[in-house]
Each structure stands twice: as structure tokens, then as C-alpha cells.
Amino acid sequence: MANFETMTINMGPQHPSTHGVLQLILELDGEIVRKATPHIGFLHRGVEKLAEHRTYHQVLPLTDRLDYLAPMHNNLGYVLAVEKLLGITDAIPERAQVVRVLLAELTRLKSHLVWLACHALDIGAMTVFIYCFREREHIMNFYEKISGARMTSNYFRVGGLSADLPAGLEQEIREFVNTMPGHINTYEGLLTGNKIWQKRIKDVGVISAEDAIDLGVTGPSLRGSGVDWDLRRDQPYSGYENYDFEVVVEDGCDTWARYIVRLKEMREACKIIHQALDKLKPGPILADAPKIVLPPKQATVNTIEGLIHHFKLISEGFKPEVGEVYVGVENPKGEVGYYLVSDGTPRPYRMKIRPASFINLQALPKMCEGSMIADVVAVIGTLDIVLGEIDR
Amino acid sequence: MNDLLISLVLILVKLGLILGVVLTMAAYLVLAERKILGRMQLRYGPNRIGPGGMLQPLCDVIKLLTKEDFVPGRADKWIFLFAPGLTALAALLSFAVVPFSPPLALFGREIPMVVCDLNIGLLYIFGLSSLAVYGVVLGGWASNSKYSLLGAMRGLAQLVSYELALGLALVPVVMSAKSFSLNAIVMAQADWPNLLRHPLAFIIFMISITAESKRTPFDMPEAENEIVAGYHTEYSGMRFGLFFVGEYINLVVIGAMTTVFFLGGWHGPFLPPVVWFILKVLFVAFLFIWARGSMPRPRYDQLMHFGWKVLIPLALLNVVVSGAISLAMNS
């Protein structure tokens, strides 16, 4: 028997479908992948360390830049963690809670749209890519109206929201979400029934439920392996327990199952957005906690208490009790968790982020082994990784 | 002597015409593809240069010509330089046997509207398309790059396997025309096109020719999402341009082949034959562009399986069945 050599190939960090700056060292036997080794770190910015030198409020913009396709979710996880540290979780007003859920689900829609776009493009269906970006554009416009920024929203605040929703936006969101099921049908029309698409993603990137759990895979990738686990239902936050939605689970364990899960999740997200819009009532958007949330501008300039609070919060920040918390939220890509340690100063002693993409990426070598190069691309797409979150 | 001279001049004129028309068509197909795809994908496509972007191909050519012609350090230089020309050349040469109109009577002479009406025209086209594989393989091999090599291997395997199905799909066409000459094949379709006579052969032909021409959905040899740009990863400037333009010349050739073999060539009511011919070619080209806008890409091994396990047996069966039918109808 001849001794065949394998060919080692650098896939990335400059490669069209590694979703940013992921590098994969592939050992190839012809076109078959014998071993895939992800190399990461090209986008490392040291977010966790930076957080140690900022007040709790100043950390918030850093979190936008983790999973930059779902910034609202990152914000949400962080503010929930700080609120838990401060013990004001129950003091968040109803309107702020509902808006948080509303925007979290819009963000889920946005993130899944990018996933579908890139996944389809990687497999060669480039029209779907642009269709998805058309819908994403609407959500970006909502972002812009809400927060002024299209990507890095930095909208949620410890204790509530930075500002109320602009007038008329609810109606716009409702109209957009009403059109969404039709758009999803269009994507499905281009992909789901297509034999080539089915052949490309069925039985590709298989990972069993046990392996997925062992590797710490979360989110749609886990639910595609038949594990019924969703933090929105199992550890509800921001009032998710009051919404009626289905946790989508598929048993296929392959890329097809994950495709179905995410598509159905997009439809579920639309349902949740409708419910949130129905629940949305006028009311305060910030908790009644003057030592933590910034006073309104009127109070700052007109009252001595407001001025003092403003001065103290801006120049020093609030000081949580000594302690540590962990809060995980169901990001579109999986569980994103914030572990905060407070030493009683206005700055976190340590912030550890549990990123969804980083841990999901661990499954990649297992899912790729023995498959072909073309499947590697499909697997990267189905894991829905964001390098900003992997490298932090 | 005089006769020979006139024939020679005529052939040169026809060559010049074909070269001009085909190259222009190829350049404008690039533009058409970008514009049509753009419309399908909610974009405008190129619309800045000239009215409606009509001068875009010109600018592209100028850009490609003025770019550095780079040869990677460890490439096999001469083969690397030679390969792109081969692809474009093979595609252009195929046009020599394509008849685009019935013979024209001019000054009492009958001028056939084809450069050379070879009696083995069909085989000639096959020969050239096999030759075009060399451009891909040599280019990919000589680049001395891993992605290029992968692309070249894919291209080689794909082209060789689909050539078989392609050839078999055309056997019924040859049977009903009783000739390998493209002129005779068109003549045989005077009453109805082969598309209606051999629909299965047409479908097999279209699928194989897509694979043969490396067009989406069978563009694995240059699948940018997997292997960067496949066999032409390392090419730049006009050498890349030759690969690129070769692909679009190929698209014209495919359109012409489909028209000649299945759509009745220049036959058609009301309009002059040449117009019918060009319209049909453009229609086929549009079909290919449309497919690119709507299809994902299969995996390379799936493509091979499909070729060997489905298309070739089906084409063989088609040969037997259409042979039996024509035999029964003749007796």
C-alpha cells in the first residue's frame, strides 16, 4: 500500500467564507478533510481586560462589539448581570422589560437573516443573500431610529433603557413584521425544496446530542441535535415567561436540522414581537433607583439632588456590593453569559464572557472530519459564528 | 486561381466577422449577466459608464490590460503564461463550424454562411472542448498553488465525465440528421426542432453543457466560497481576463451549439435567419444567467455521482430508445 501524503491547506484568515478572520488548517486527502484545526485570535481586542478599567456604565459599549450581528442581545445580557449584581432585577419597569424583549427578538431576526444570507452564499445561492439583506436593512433602520447607530446600538441601560422608543416606530415594526412570514416563504421557496440545497446540507456536519452537550454547544445548533434547551423558557429573563412561543427542536443532528430550526425560530420571533407590541403600554422606562440610573436632564439642571446624582454617577459610577453573579441569555447564536465579580469599587474586578460562538466553534473539527472541503464551508455557515465574539 | 482567391478572401472576411461579433458578444454578455443578475437581486448592476453602463466592458478590458501580469515565484512560468490562451483559443475555434444562416447567393456565387462546413463538425467541437480542459488543468497545475490545484482537479474530473454524457446526448441528434455536419443537422430540423423530437436528450445536453462550461450551478472548479477562485486564483491582468472572456465566449459557443443541435438553428418565421440565430443564442445565454441567479452549488462528489450514475445511463437508454423508434418508423 502506497503511503499517501496529505496536503495541508490554510483556509483563512483571508478566505471568502470564513466569516471574518477565522483560520482553519485543513489536512486534506484529495478533497476529503482528515483534520481541521481552527486558529483564532486575529480579532482579539481584550474586551474582558478593558472592562476592568471602566465603570459599569462604560463597559456597555464594549459589549456591542462582541457579537456585532446581535448587539442588543449582548447589551441585554450585560445589563441583566449588572442589575442582578445590584439586586434591582425586580425594579425594572414593565415598559422597559417589554421593549427589551421586543428588541431582543428583532435582533434575533436580524442575526438569523445574516446567518441565512451567508450560509446560502457559501453554498452558492447568492440571490438569497441579497434578499435577506434587504429585510435586514429594515431592522437596521429601526436600530438607527431607536439608538442612532445601525450596528452598535448601545441602547439598553442598567435599570432600563437609554431613551424611549421614537413615536410611530411601533406601527412601523408591526408592518415590517407582518411582511416577514412572506419573505421567509420566499427564502424557503428558493432553498428548502431545491434538491441541490437539500443534498448539500442533509447529513452534513452531523453532531450527536451527547457530543453537542459535551462540547458545550448551545443555541440553535444544540436544538438541531434534538436537545430541548432554551434559556428564554428554561431560565426566563426580562419577562419571557409571559410570552407564548414554541422552542423549536429538530432531531436531525445535521445542517439541515439546524437550517429548519433557525427558519422556524425566525417565525417564532415574529410571533413574540407581535405579542410584545400588544403588551407595550406607556410608562416609565427607567427603574426608580436614583443612585444607579442617571436622572432625567430636567432633574439634573433644576434640582440639587439631580445634580449631585448626575455628578456622582458620571464622575465615579455606582458601587455594587461585593459579590459575583452569572447571567446567561439566549443569544441568536447560543448562550451568552456574563460573569461579573465586584469588589465594591465602581469598576468590575473581573468580567468573564461566555461567548456562544467561541464554544460552538469547538464542535467544528468534529463536524468536519471525513467530510469534503465544500462541507467545511457549509459547517462554518451552520455554526453561525461571529469572530468578534470568538476573539473578544 | 481567381476562384481560390475569392474563396480565401471570403473566408477571411467571415473569420473577421465572427471574431468581431463573438468577442463583442462575449464582452457584452458579461455586462448583460451583471445587469440581469443585478435586477434579479434587487441591485442595478453597472450603470455608471456610458449610457446605462454600456461602456463598462470597454473599461474592464482597459483595466485588465493595464494591470500587472504577475507570475508567482514558484510557478511553471511558460505553461502558466500559455494556459489562459488555450482556453480562449479553443472556445473561439469552435465557432469555425457553426452555421449561422442558410447559404447566401451573392454575385451568382453561393456563399455558405459558415467558415468551414466540416463533415465531422460535431466531432471537431468535441475535440476542441476537450482541448479547453488543458487550459484549466495546466493553468491550475502551473500556478503551484494548492487552491489552484484543487480547482484544476475538480475541473478535469468534471469536464471529462460530463463530456461522455454530452456526447451520448447528441447521438440521437446525429441519428436523425444522418450526418455529423452542423449544416446538415440544422437542415434536418426544417420542419420541427430537435427539442421536440428528443426532449430527454435536450435536458441531458443542457445539464452536461452547464457542467462542461463550468457555469453555475456547476462552477465547482472556481467555487470562490470553497477554493477561493479555483484554477485561476493566481492569475492577474489580462491572463485572468483571457480565462474570464474564454468562459463567456464559451457561453456564446454553448448558445450556438444548443441552437444548432436542438433549437432548429436559423429556422424561424418572419425574421431573417441570422436574427433568429442570434436571438436563440441570446435566449440560451439568458437561461444560463437565470440559473446562476437561482441555484446553489452542489458538492463536487455529488456532481460526479450524478454524472456517472444518472446522466450517462439515462443518455445511453435514450440512444437505444430513439434508435429503436427511428428504426421502427423507417421500416
The residue that is farthest from residue A:67 (Cα to Cα), considering only those in the stretch A:102-148 that are of a type in the set (Val, Ile, Thr) and within 10 Å of chain B (Cβ to nearest Cβ), is A:127
Restricting to the stretch B:31-45, what's the tally of residues that are at pLDDT below 85 and away from every other protein chain (no Cβ under 14 Å)?
-> 0
List the pairs whose first member sits in the stretch A:360-374 and is under 25 Å from residue A:332 (Cβ atoms), whose second member is of a type in the set (Lys, Arg) and open to solvent by less than 10 Å² (accessible area, probe 1.4 Å), and whose Cβ atoms are under 8 Å apart, counting only residues at least 6 apart or on separate chains?
-> A:360/A:333
Looking at (1) within 15 Å of the chain's Cα centre (by Cα); (2) under 26 Å from residue B:6 (Cα atoms), which is the one condition that is false for residue B:106?
-> (1)
Could you run through the stretch A:344-364 and say how many residues are closer than 16 Å to residue A:60 by Cβ and open to solvent by 30 Å² or more (accessible area, probe 1.4 Å)?
-> 1
Would you say residue A:172 is open to solvent by 10 Å² or more (accessible area, probe 1.4 Å), more than 30 Å from residue A:377 (Cβ to Cβ) and modelled with pLDDT of 85 or more?
-> yes
Take the residues in the stretch B:61-81 that are open to solvent by less than 40 Å² (accessible area, probe 1.4 Å) and within 24 Å of the chain's Cα centre (by Cα), then tell me which one is farthest from residue A:124 (Cα to Cα).
-> B:81
Of all residues in the stretch B:278-297 being at pLDDT 85 or above and not aliphatic (A, V, I, L, M), the one that is most open to solvent (accessible area, probe 1.4 Å) = B:290
One residue from A:201, A:130 being closer than 21 Å to residue A:19 by Cα, among the aliphatic types (A, V, I, L, M), over 22 Å from the mean Cα position of the chain (by Cα) and crowded, with 16+ Cβ neighbours inside 10 Å = A:201
In the stretch A:82-115, what residues are open to solvent by 10 Å² or more (accessible area, probe 1.4 Å), touching a strand residue (DSSP E or B) at 6+ places or on another chain (Cβ under 7 Å) and not hydrophobic (A, V, I, L, M, F, W, C)?
-> A:84, A:93
With respect to residue A:352, determine if the residue is in contact with a Phe, Trp or Tyr (Cβ under 6 Å, 6 or more places away or on another chain) and not in a helix (DSSP H, G or I).
-> yes
Answer residue from the stretch B:210-231, given it is crowded, with 24+ Cβ neighbours inside 10 Å and over 19 Å from residue B:160 (Cα atoms) and is modelled with the lowest pLDDT among those = B:226
Please name all residue pairs, on different chains or six or more residues apart, with Cβ atoms under 7 Å, provided the first residue is in the stretch B:1-28 and is aromatic (Phe, Trp, Tyr) and the second residue is open to solvent by less than 40 Å² (accessible area, probe 1.4 Å).
-> B:28/B:57
Of B:211, B:188, the only residue that is free of Cβ contacts under 8 Å to residues at least 40 places away in the same chain and among the small types (Gly, Ala, Ser) is B:188
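Okay, residues lined up against (1) in a helix (DSSP H, G or I); (2) closer than 17 Å to residue B:15 by Cα:
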site: B:92; (1), (2): yes, yes
site: B:96; (1), (2): yes, yes
site: B:118; (1), (2): no, yes
site: B:122; (1), (2): yes, no
site: B:126; (1), (2): yes, no
site: B:130; (1), (2): yes, no
site: B:135; (1), (2): yes, no
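The values are calculated or read from the model by the stated rules, or taken from the named source; none is laboratory data. All of these numbers come straight from a predicted model, not from anything done at the bench. Here the Cβ is made from the backbone with ideal geometry for all residues, glycine too, and neighbour counts use every protein chain on show. Side chains included, ligands, DNA and RNA excluded: accessible areas come from the protein's heavy atoms. Shrake-Rupley method; radii C 1.70, N 1.55, O 1.52, S 1.80 Å.
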